[in-house]
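**Q** One structure follows; several queries about it will come next.
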Amino acid sequence: MKPAPFDYYDPDSVEEVLDLLQQYGDDAKILAGGQSLGPLLNMRLSTPQIIVDLNRVADLEYYKSDNTGLRVGAMTRQSTLEDDTNLRTTQPILAASIPYIGHRSIRNRGTVGGSVAHADPAAEWPAIMLALDGTILIRNTKGTRTVDASDFYVSALTTDLEPDEILVEIQLPNWVKTSGWSFIEFSRRHGDFAILGVAAYLTLENRRCTKSRIAIIGGGPIPIRTSKAESMLIGETISDALLKDVAEQASKELDPDSDMHASADYRRHLASVLVLSALQKATERANKSGGK
Amino acid sequence: MVSCLGQHNYMKIEHSKGIGESIKRLEDKRFLQGQGHYIDDLQLPDMLHAAVLRSPYAHATITNIDVDFALEQPGVVTILTFADLHSVKPIPIRLNPYGSLEPFLQYPLANKRVRYVGDPVALIIAHSRYQAEDVLDNIVVQYDPLPVNIDAEDKVSCPLHHDAKDNVASNFVQQKGDVVEAFNKAEHITKLRFTSGRHSGVPLETRGLIANYDATQEKLKVWGPTKVTHFNRGVLAHMLEMEEHTIEMIEPDVGGGFGVRGEFYPEDYLIPYAALMLKRPVKWIEDRLENLMACNHSREQIYEMEMALKKDGTILGIKVLLSNDQGGYIRTHGIIVPELSAAIFPGPYRIPNYRCEVRSVLTNKTPAGTYRAPGRYECNSSRERLLDLAASELMIDPVKIRSMNLIQPEDMPYEVGTESLGENIVYDSGDYPFALQEVVRLSKYEENRHVDHDNLSNKKVGYGIACFVEKTGLGPFEGARIEIDQTGAITVSTGAANVGQGLETTLAQIASSVLTVSPDSIQVLHGDTDLIPYGVGSFASRATVMAGSAVYYAAQKIRKKLLKIAAHTMNCQVEQLIISDGDICMIDHQDKRLTLTQVAQQSSPRNCPPDIEPGLDFTHYFRCNQMTFAHGATIVKVEIDITTCAIVPKHVWIVYDIGKAINPQMVKGQIEGGAVQGLGGALLEEFNYDPSGQLTSGSFVDYLLPTTTETPLLESKRLDRSPSTLNPIQVKGAGECGIAGIGGALANAVADALGDSGNNVNVLPITPEKVWQWLMPMQDKTN
Amino acid sequence: MVQEATDNSRLIKLTVNGIEYERKVETRVTLVDFIRNELGITGTHVGCEHGVCGACTVMFDGQPVRSCIMLAVQADSHSVQTVESMSSGDQLHPIQQAFWENFGLQCGFCTPGFLLTVQDLLSRNPNPTDTEIREELSGNICRCTGYQSIIAAVKQAAIYMRQE
Ligand SMILES: Cc1cc2nc3c(=O)[nH]c(=O)nc-3n(C[C@H](O)[C@H](O)[C@H](O)COP(=O)(O)OP(=O)(O)OC[C@H]3O[C@@H](n4cnc5c(N)ncnc54)[C@H](O)[C@@H]3O)c2cc1C
Ligand code: FES
Ligand code: FES
């Protein structure tokens, strides 16, 4: 289990990275934290001719908050965000989800950009991006563009990124104070990729729901927002009966896979159970935060 | 006829320094500092590296292999296929080699046909492992796929082996009494089909070998073998057509054995073969993906059981049809696993009438062998589940149905009426009802079971019990040699192996108890075939029992000689002397003493009195042809969330009796380690195959080993009530007591938690999805 | 500057356990293979080569990482610490001592990875609860001990470290 040979470049600026990508296109692969790519290289499931390592591009390792929201550079490590206790109030869903990503030594290397770009449907970041209406800043030699997370995930492990592009930053709008949230995950072992997970985000005004997000991990080939279920909540006062119906609806909107860890039917069952608890918890939190 | 040679004449141990004390392990200092010598830590000058090309098909004919292009690639030294192997033989069976199994043996490389995904097809030797792997894809093999059989109960499938009419490698019956009569008399019959899933030992260190031909010594040296090095040397000599003494096998530090590691596998022939051919050292380190498809699997068995009972719960008889999924070949274990299953199935209970028919069937999967408590983890799980099902049908308490059927202390020694490994199964000693009572008491089963049951939340709690008997201390012999050199340094050598269980510490403790020195002053050497002429090895929880007894006797011999020489030097009678704190002193004048070093100097050929043979060097072979049986009982408490169907083991209690512990903390470690492995097999670990025979859980992402967060609290209690009478140190093996009962106890706990749906529980591992399926019909009703 | 990749090898300079090394290395070689095979420092073990078992854990610039899924070239101008750095001479590190006293190892193959993971845990959280210990160690697999003795060792180590 040793990687196949490749040519290796570790430029220290984004411009040089983009030049290399332009030059080598499909033959090149970006290496960020290596926590997904590393195993794939070792197993020779990925055999790129060129590796372009981002680890020396210092410009991509940052995060900052302002009145527009949170911006995180692609090479920011998961553990950097994990250790910032402020995020627990400013971005509670994000802060709650990060400890679910593998283990500490994985998060010390694994990057935000890598997780978002790798687009594993069982990973936390893609679903969080959906739940929080995140946007993705992309660059190539010609310039930059921004894509909504909801347009970014195309099909299994495939995103809107072109071979000559890199993800440079992700942006999350500020948290709406009168909101409640919940993040729940079901896996066979602690730290494993989820069999099913839910990120729920509800905003209540005068007891009525004005905004709802239900994003599902492991519910299909890409992370999914169950938009029909979400819309059932809008304008409504929350009741247990309603939440049950919404959870049922959410599970119907999924297109889960069957594999050795869980069948599609069981994943659907889990979705209905977990969405319900997530919505209950989110409602409770929204009520507490003054969104009644 | 039972005999354990030398079991009489125990010498009184003056200071039992050593035995029974939880001293810190002697091997740990090097391990803690990263100074162990595991096989991959070893490098020889000019060493080449091997990789194995393995079949991607579960069943296919090989029509052509083209290595020409691969041979031209950088770093490649040679590539071997079956056709290149000179006068190659199949790998023989180690345990109970029935001739009828010969058509099913595995050759080191596939000969025109592959029978599982992972079957070795070619060996590549290159200057680095990287380069060897580079050409795996450059060897062009043409496969003609054949029909695939992954079901041990499938009777019509295409035979895997040319010489065989079907895939049944073996079909035999173990029986006692008259089951027909028992079922005629039955007042109640309980039926259960129970499946034990495929999983295995999966040591954290994968296998590895280095072979080198040493021209100065004219010897082939092989580093990396373990477990049964003497036997494996014989196999290699036979297969390479060499004299046995021209081969030396050397055991390095070993990162876990668990039964799978150290058997003779195809690579154990291929790597030495290549080293001899190339006259250069060759290293092969199995990678994890190979390990999961190449190293023995285990456990996959289906039990069709029927039990005849009286209304009060008394067992009249049991009928079992046991299908054992053997995988693509018969390997070194032959059919010992299902044989053990059939022999031990009656367990600690009086089963007056018993019939077990075994079918061991070849399938297109990785060949199966032994894994810690082989055959027993499976049969114990099945039997204990059957008992709980009967209890539930007859509305008897699970403790009661067990108590009333357990073998009583006064029944000992108890002849079960079955046989395995060429021995009649005779339980030598043990108080089985007491172990059950103790575990019930320890877990507060009676008090808590009902309280915990009554909760109304989504979390349902269940308790499950299993009782077990464990065969340990398998013969026929083990040897130990003890030497004291002229500086007084003590060295113990044995043919048993240290697979990570701490053999060095245990044997040092036993020797130190006789010689009254500190255990850490004793060096223990093991696993090198040149250390001692004969050796058997470490399996079947035998090393402490057999090698420990040999060390004990060898130490007694050396002690006697020490006293004799000291008596001569001190001008007194042997009877006037004792050995204490490592010195030889006069009983009445303890200040008159000689140190061990002084006596050792007196024993040298220069100083030794003419009428005494010089030297302090004794070997003892402890021989015993009867196993000694440990026993115990396990209770598991689980919590099941009936919405998500998550299963959380909360607490495990294990009460066991191994006669006596040499190092109680180490024994506890064996119990806990085994218990968690058993929980892994009961909840997480499974080798899954798709219908085309592809292994779908072939990495650590999908083959799930338990970690700290999946491990409950474990409480264990050692009883020491039934010391073994078959050996001088009175011990029974401890290695398998933790794992033996836990599968059944867990399955029963899940059933208990599931209430009315619990009778569905019929399989291991139990996944959340299975719980969901078992609960579903109930939920449909309530909805 | 974009460094030209010529023959797939690079000259790298790194510090391992306080000693500086300069070596030419093929760019595809993993960090663990480099440390073990090129430098001959073999305390770091390989259990899976796909990032799951934790046996290959080393400290990279003071943080625990899995050296089987990093490349040696990525360690150029960085510092690495392996289990060999923990004890000084015959004096065991308190964490090693606690593992020894609590029988926190059997075959010893997982041990280096556990020791470094615990070292990091206790540096961030000197007094972890049982649950925290379990969660933090859940990325390291031990096949021998059943973990009870490891958890006990971590608690003991935490006490030793606080006393220091
Ligand atoms: C044992 C283990 C457990 C894990 N458990 C989880 C888990 O529970 N949840 C989870 O989410 N993840 C888990 N991971 C994966 C981990 O979170 C990875 O960090 C993450 O998936 C990828 O991030 P990375 O920085 O390591 O990216 P890399 O592995 O370096 O790259 C991943 C992919 O993204 C591409 N890429 C990376 N960065 C960019 C960029 N800036 N622009 C464009 N393309 C880019 C790469 O080319 C590659 O194709 C686990 C990993 C391991 C080894
Ligand atoms: S060897 Fe690196 S995590 Fe297993
Ligand atoms: S001690 Fe053997 S794997 Fe942990």
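Throughout, read-outs are computed from the coordinates displayed, never taken from laboratory work. Predicted model, so just to flag it, every value in this text is computed and none were measured. Please note: Cβ atoms are built from the backbone with ideal geometry, for glycine as well, and neighbour counts cover all protein chains shown.
**Q** Going through the cross-link list B:LYS29/B:LYS650; B:LYS29/C:LYS155; B:LYS29/B:LYS283, which pairs have a Cα-Cα distance over 22 Å in this structure?
**A** Working: B:LYS29/B:LYS650 33 Å; B:LYS29/C:LYS155 20 Å; B:LYS29/B:LYS283 27 Å.
Long pairs (Cα-Cα over 22 Å): B:LYS29/B:LYS650; B:LYS29/B:LYS283.
**Q** Please compute, for peptide C:22-29, the average count of beta-carbon atoms on other protein chains lying within 10 Å of each residue's beta-carbon. The partial results should precede the final answer.
**A** Values: counts 0, 0, 0, 0, 6, 9, 11, 4.
Neighbouring Cβ atoms belonging to other protein chains average 4 per residue here.
**Q** Can you give the angle from 0 to 90° between the axis of helix A:240-252 and the longest principal axis of chain A, with both taken from C-alpha atoms, to the nearest 10?
**A** 40 degrees
**Q** Right, another one. In 10 Å bins starting at zero, report the fraction of Cα pairs in chain B per bin as a rounded %.
**A** Pair shares across the bins are 3, 13, 22, 24, 19, 12, 5, 1, 0, 0.
**Q** Report, to the nearest 10°, how far helix A:264-288 tilts away from the longest principal axis of the Cα atoms in chain A, using its own Cα long axis and a range of 0 to 90°.
**A** In chain A, helix A:264-288 runs at an angle near 70 degrees to the longest axis.
**Q** Hey, got a sec? Which GluC sites (Glu not before Pro) in segment B:381-488 land in a DSSP loop and have at most 11 other Cβ atoms within 10 Å?
**A** For GluC sites (Glu not before Pro) across segment B:381-488 that sit outside H, G, I, E and B with at most 11 neighbouring Cβ atoms in 10 Å, the list is empty.
**Q** Quickly work out the B:GLN576-to-C:SER123 label distance, labels modelled 7 Å from Cα along the C-beta direction, and quote it in nm with one decimal.
**A** 6.5 nm
**Q** Could I ask something else about it? Any idea what the relative contact order of chain B is, in percent, if you count C-alpha pairs under 8 Å spaced at least 6 apart?
**A** Relative CO of chain B lands at 17 percent.
**Q** Could you work out the relative contact order of chain C? I mean the mean sequence separation of Cα pairs under 8 Å and 6+ apart, divided by the number of residues, in percent.
**A** 23 percent
**Q** Same structure again: With only alpha-carbon pairs counted, each pair once and no self-pairs, how large is the Kirkwood hydrodynamic radius of the protein assembly as shown in angstroms? Numbers along the way, then the final one.
**A** On the way: mean 1/r = 0.0310 Å⁻¹.
Kirkwood hydrodynamic radius for the protein assembly as shown: 32.2 Å.
**Q** Oh, and also: Roughly how big is segment C:94-163's charge dipole about its Cα centre, with Cβ charges of +1 (Lys, Arg) and -1 (Asp, Glu), in debye to the nearest 20? Show your work: numbers first, answer last.
**A** Values: 5 positive and 6 negative charges, 17 e Å.
That gives a dipole near 80 debye.
**Q** Taking the Cα centroid of segment B:227-272 and of segment A:115-143, what is the distance between the two, rounded to the nearest whole Å?
**A** Each part reduced to its Cα centre gives a spacing of 52 Å.
**Q** Per-residue counts of other Cβ atoms within 10 Å, averaged by peptide: what ranking do you get for B:50-57, B:303-310, highest first? Don't skip to the answer; put the middle values down first.
**A** Values: B:50-57: 22.5, B:303-310: 21.0.
Per-residue mean Cβ counts within 10 Å order the peptides as B:50-57, B:303-310.
**Q** Can you give the average number of partner chain beta-carbon atoms within 10 Å of each beta-carbon in peptide B:644-650, as a whole number? Walk me through the numbers on the way to the answer.
**A** On the way: counts 10, 5, 4, 1, 0, 0, 0.
Other-chain Cβ atoms within 10 Å of each residue's Cβ, averaged: 3.
**Q** Which order, highest average first, do C:124-133, B:138-147, C:137-146 follow once you tally other Cβ atoms within 10 Å for each residue and take the mean per peptide? Could you put the intermediate results ahead of the total?
**A** Working: C:124-133: 13.5, B:138-147: 15.0, C:137-146: 27.2.
Highest to lowest by the protection proxy: C:137-146, B:138-147, C:124-133.
**Q** Using 1/(1 + (r/R0)^6) with R0 = 25 angstrom and r between the beta carbons of B:GLU153 and B:GLU187, what's the FRET efficiency to the nearest 0.05?
**A** On the way: r = 31 Å, r/R0 = 1.23.
Rounded to the nearest 0.05, the efficiency is 0.25.
**Q** To continue, here is another question. Return one number: the angle in degrees, 0 to 90 and rounded to the nearest 10, between the long axis of the Cα atoms of helix A:14-24 and the longest principal axis of the Cα atoms of chain A.
**A** Relative to chain A, helix A:14-24 is tipped by roughly 70 degrees.
**Q** Can you give the helix-only mean residue ellipticity at 222 nm for chain A, where every DSSP H stretch with n ≥ 4 adds -39500 (n - 2.57) and the sum goes over all residues, rounded to the nearest 500 deg cm²/dmol? Don't skip to the end; give the middle numbers.
**A** On the way: 12 runs with 100 residues, N = 292.
Result for chain A: -9500 deg cm²/dmol, rounded to the nearest 500.
**Q** What dipole magnitude, in Debye to the nearest 20, does chain C give about its Cα centre under +1 on Lys/Arg Cβ and -1 on Asp/Glu Cβ? Write out the running numbers ahead of the final one.
**A** Values: 12 positive and 19 negative charges, 46 e Å.
Dipole size: approximately 220 debye.
**Q** Alpha carbon centre of segment B:467-530 versus segment B:672-748: separation in Å?
**A** Segment B:467-530 and segment B:672-748 have Cα centres spaced 26 Å from each other.
**Q** So for segment C:9-85, taking the charge dipole from beta-carbon charges (+1 Lys/Arg, -1 Asp/Glu), which of C:HIS78, C:ALA55, C:THR27 sits furthest toward the positive end?
**A** The Cα lying farthest towards the positive end belongs to C:THR27.
**Q** Still on this structure: Can you run phi through the Karplus equation (6.51, -1.76, 1.60; θ = phi - 60°) for segment B:102-117 and list ³J(HN,Hα) in whole Hz, with x for Gly and Pro?
**A** 4, x, 9, 6, 9, 8, x, 10, 5, 9, 6, 8, 10, 10, 7, 5
**Q** In percent, how large is the relative contact order of segment C:9-85, given Cα pairs closer than 8 Å and 6 or more residues apart? Mind showing how you got there, number by number?
**A** Details: 152 pairs, mean separation 30.2, N = 77.
About 39 percent, as a whole number.
**Q** So, one more: Rounded to the nearest 500 deg cm²/dmol, what is the calculated helix-only ellipticity per residue at 222 nm for chain B, with -39500 (n - 2.57) per DSSP H run of length n ≥ 4?
**A** Values: 19 runs with 204 residues, N = 783.
That comes out to -8000 deg cm²/dmol.
**Q** If you take each beta carbon of peptide C:66-76 and count the beta carbons of other chains within 10 angstrom, what is the mean? It would help to have the intermediate numbers written out before the result.
**A** Numbers: counts 10, 1, 5, 13, 7, 11, 0, 5, 8, 0, 2.
For peptide C:66-76, the averaged partner shielding equals 6.
**Q** If you don't mind, there's one more thing I want to ask. With the dipole of chain A worked out from charges on the C-beta (+1 for Lys and Arg, -1 for Asp and Glu) around the Cα centre, which of A:MET75, A:ILE93, A:ASN55 lies farthest toward the positive end?
**A** Towards the positive end, the residue furthest out is A:ILE93.
**Q** Report, in listed order, any pair from A:LYS142/A:LYS228; A:LYS29/C:LYS13; B:LYS24/B:LYS660; B:LYS89/B:LYS221; B:LYS176/B:LYS770 with a Cα-Cα distance greater than 28 Å. Show your work: numbers first, answer last.
**A** Values: A:LYS142/A:LYS228 38 Å; A:LYS29/C:LYS13 25 Å; B:LYS24/B:LYS660 18 Å; B:LYS89/B:LYS221 21 Å; B:LYS176/B:LYS770 36 Å.
Pairs exceeding the cut-off: A:LYS142/A:LYS228; B:LYS176/B:LYS770.
**Q** Okay, next question. Which one, A:PRO126, A:VAL147, A:GLY102, is farthest towards the positive end of the dipole of segment A:59-172 when Lys and Arg carry +1 and Asp and Glu -1 on their Cβ?
**A** Checking the options against the dipole of segment A:59-172, the answer is A:GLY102.
**Q** Okay, moving on. So how far apart, in nm, are the two label points at B:ASP214 and B:GLN523 if each is 7 Å from Cα heading toward Cβ?
**A** Computed distance between label sites B:ASP214 and B:GLN523 equals 1.6 nm.
**Q** Name the aspartates and glutamates eligible as straight-distance cross-link partners of B:LYS561: C-alpha to C-alpha under 12 Å, and not fewer than 8 places from it in the same chain.
**A** Counting by Cα, and skipping residues close in sequence, B:LYS561 has these aspartates and glutamates nearby: B:GLU483, B:GLU613, B:ASP617.
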